[in-house]
Amino acid sequence: MKVLVIGRGGREHAIVRQFASSPSVGTVYAAPGSDGMTEAECIGIGEMEFDRIAEFSKENGVDFVFVGPEQPLSEGLSDYLEEAGIRVFGPSKAAARIESSKTFAKEFMMRHGIPTAKYASFTDAGEAAAYIRSQGAPIVVKADGLAAGKGVVVAETEAEAIQAAEDMLKGQKFGESGSSVVIEEYLEGEEFSFMSFVHGSCIFPMPLSQDHKRAYDGDKGPNTGGMGAYSPVPFITSRQKQEAFLNVVKPAADALEAEGYPFTGVLYAGLIQTREGAKVIEFNARFGDPETQVVLPLLDSDFGEFIDRLLAGEPFQPEWKEEAVLGVVLAAEGYPAVPEKGIPLPRITETGHFSVYHSGTKKQADGFVSNGGRVLMITASRETLEEAADAVYRVIGRHAWPGLFWRHDIGWRAKKRTI
Ligand code: AMP
Ligand code: GLY
């Protein structure tokens, strides 16, 4: 088969690699891909060039397109390709609203009794402030729309929340996505990511994972796209996972279908395990980054064949490895605000149980340099998370990384809970 992966980040590198190692897949194309994706043929077409993606797929007999990032999904790439008769794994624009509009997602959850934080939505800063005062702190303020995980403020005080809502509404801090804000109840508990392969009412859950959103050790500093992840998550029991499946994932997929926009793609539920069970913080309509880099390598079945058969409506149950994967993101100084570009990177050799994913790099004559906020992710797979963490940090410690920073405590919540 020939598969075309849309995107250029670390997540897409992991997707490309998984397809490249699938016996059923002969060629993996990436649009645009990146210099680090040596397993793919990068075709120099951007994620938003829908017409060129369609044209390339037709001319080259691509069996299906797999869409990595949210933006082309929220702008209708899947609809465009389907209309052109090209098979695509990624939701329609209507189904992707579960991620692209927080107001849509919240109303959808309310309509279908899917557990989530209590919320209210505002376009007026004065009304937002009054609501914040009536609810008290801690409280969470979110810009509506896509803000790459950065349009969220978990406020400790009412004043901080009011300021955040004002900034989002008046200051145009997050551009278009800040024209309305969602203010929601603070949920207390462990956070985890529950991703599933979905095609209509067919759902295949993946192993659970946990991201680390804050920039610095001890969950301090600004929110980022994610500084590291691991899978599986030892402190969520299989019973809690099953409950989250029955209370959140399945009703969401079923309701999207019942409302007339069946979901095809990766449905990502960002959950908090509260005392009353798992509650949704957000849905995403695609694979998580960096969660993909630690979850997808656990797949023990042919990824290409699995997606192909799922799209054909003839799925099989995928097998997963009983291993632990943990990965650490190396970010450029300045991230998440203004990351430095062009930092030279050391050469690292990948061996059996280590992987290096390129998140934001560029190849120059004498090697790779940084070309984004998140630069590389190094992962290790081992029998236990502790062993995987030790292995990753040992590899990082063997090289010098001037200009880059990383968290030293990826997996700390899992360690704390492992008995
Ligand atoms: P989001 O972009 O919606 O995933 O939010 C970014 C981060 O803010 C999440 O990963 C959580 O750690 C935190 N967060 C968001 N909403 C809530 C909430 N209602 N209660 C507690 N923490 C939250
Ligand atoms: N790692 C969180 C996300 O991909 O949204």
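Among DSSP beta bridges whose residues both lie in the range 76-224, state the antiparallel percentage, nearest 5. Within the range 76-224, antiparallel bridges account for around 100 percent of the total. I'd like the carbon and sulfur percentage of the solvent accessible area for the chain, probe radius 1.4 Å, heavy atoms only, ligands and nucleic acids excluded. The computed percentage sits at 48. Distances between placed amide hydrogens fall under 5 Å for F89 paired with V65, F66, V67, all partners being 5 or more residues away or on another chain. Shown for the chain is the translational diffusion coefficient from the Stokes-Einstein equation, using the Kirkwood radius over Cα pairs, a temperature of 4 °C and a viscosity of 1.567 mPa s: 59 µm²/s.
For a straight C-alpha distance cut-off of 15 angstrom, the aspartates and glutamates reachable from K241 (same-chain residues fewer than eight places away being disregarded) are E190, E191, E276. Here's the picture: charge each Lys and Arg Cβ at +1 and each Asp and Glu Cβ at -1 in the chain, and of T123, P346, F104 the one pushed furthest to the positive end of that dipole is P346. Can you pull the one-decimal nm distance between simple spin-label points at H353 and D254, each 7 Å off the Cα toward Cβ? My value for the distance between the label points is 4.2 nm.
Scanning residues 5 or more positions from S301 or on other chains, those with amide H under 5 Å from its amide H are E319, with H placed 1.01 Å from N in the peptide plane. Here the Gaussian network model covers the chain, with springs between Cα atoms less than 10 Å apart; of V375, V25, V16, V25 fluctuates the most. Where is the GNM fluctuation largest for the chain (alpha-carbon springs, 10 angstrom cutoff): Q293, Q18, Q242? Of Q293, Q18, Q242, the most mobile in the Gaussian network model is Q242.
Amide H contacts of R214 (H built 1.01 Å from N, in plane; Pro and chain starts excluded): T224 sit under 5 Å, all sequence-distant by 5 or more or on other chains. Rounded to the nearest 20 debye, the dipole size of the range 177-305 about its Cα centre is 140 debye, using +1 on the Cβ of Lys and Arg and -1 on the Cβ of Asp and Glu.
Of the trypsin sites (Lys or Arg not before Pro) found in the range 1-102, none is in coil by DSSP with at most 13 other Cβ atoms within 10 Å of its Cβ. Rolling a 1.4 Å probe over the heavy atoms of the protein chains gives the range 22-78 an accessible area of 38 Å² per residue. Per residue, the range 89-144 exposes 39 Å² of solvent-accessible protein surface, assessed with a 1.4 angstrom probe and all protein chains in place.
Stretching the chain fully between D35 and T274 yields a gain of 81.8 nm (0.36 nm per residue, less the alpha carbon separation). Filter K213/K321; K118/K220; K142/K170; K106/K170; K170/K220; K250/K415 down to the pairs with a C-alpha to C-alpha distance above 20 Å, please. Result: K213/K321; K118/K220; K106/K170; K170/K220; K250/K415 exceed 20 Å.
By how many nm would the segment from E107 to D366 grow when fully extended, if each residue of separation counts as 0.36 nm and the alpha-carbon distance is taken off? My answer for the length gained is 88.0 nm. When only the Cβ of Lys, Arg, Asp and Glu is charged (+1, +1, -1, -1), the dipole of the chain relative to its Cα centre reaches about 760 debye. Peptides 365-374, 222-231 ranked from most to least packed, by the mean per-residue count of other Cβ atoms within 10 Å: 222-231, 365-374.
Sorted on the mean count of surrounding Cβ atoms within 10 Å across their residues, most packed first, peptides 258-264, 357-363 read 357-363, 258-264.
Of the residues A269, A337, A165, the one that moves most in a GNM of the chain with alpha-carbon contacts below 10 Å is A337.
Solvent-accessible area per residue in the range 233-321 equals 37 Å², computed with a 1.4 angstrom probe and all protein chains kept. When both bridge partners sit in the chain, DSSP labels roughly 80% of those beta bridges antiparallel.
What nm distance separates the two modelled labels at K170 and S21, each placed 7 Å from Cα along Cα→Cβ? Label at K170, label at S21, 5.3 nm between them.
Simple rule: put +1 on each Lys or Arg Cβ and -1 on each Asp or Glu Cβ in the range 311-353, find the dipole, and look at A337, P315, L326; the Cα lying farthest toward the positive end is A337. As a rough guide to protection, the peptides 117-127, 181-191 ranked by mean Cβ packing within 10 Å, highest first, stand as 181-191, 117-127.
For the chain, the 222 nm mean residue ellipticity estimated from helices alone, with every DSSP H stretch of n ≥ 4 adding -39500 (n - 2.57) and the total spread over all residues, rounds to -8500 deg cm²/dmol. Among the trypsin sites (Lys or Arg not before Pro) within the range 246-291, those in coil by DSSP and having at most 11 neighbouring Cβ atoms inside 10 Å are R275.
Length, then width, then depth: along the principal axes, the Cα atoms of the range 222-356 run 51, 35, 32 Å.
The values are calculated or read from the model by the stated rules, or taken from the named source; none is laboratory data. Since the structure is predicted, the reported quantities are computational estimates derived from the model, not experimental observations. We place every Cβ from the backbone using ideal geometry, glycine too, and count neighbours over all the protein chains shown. Accessible surface areas use protein heavy atoms only, side chains included; no ligands, DNA or RNA. Shrake-Rupley method; radii C 1.70, N 1.55, O 1.52, S 1.80 Å.
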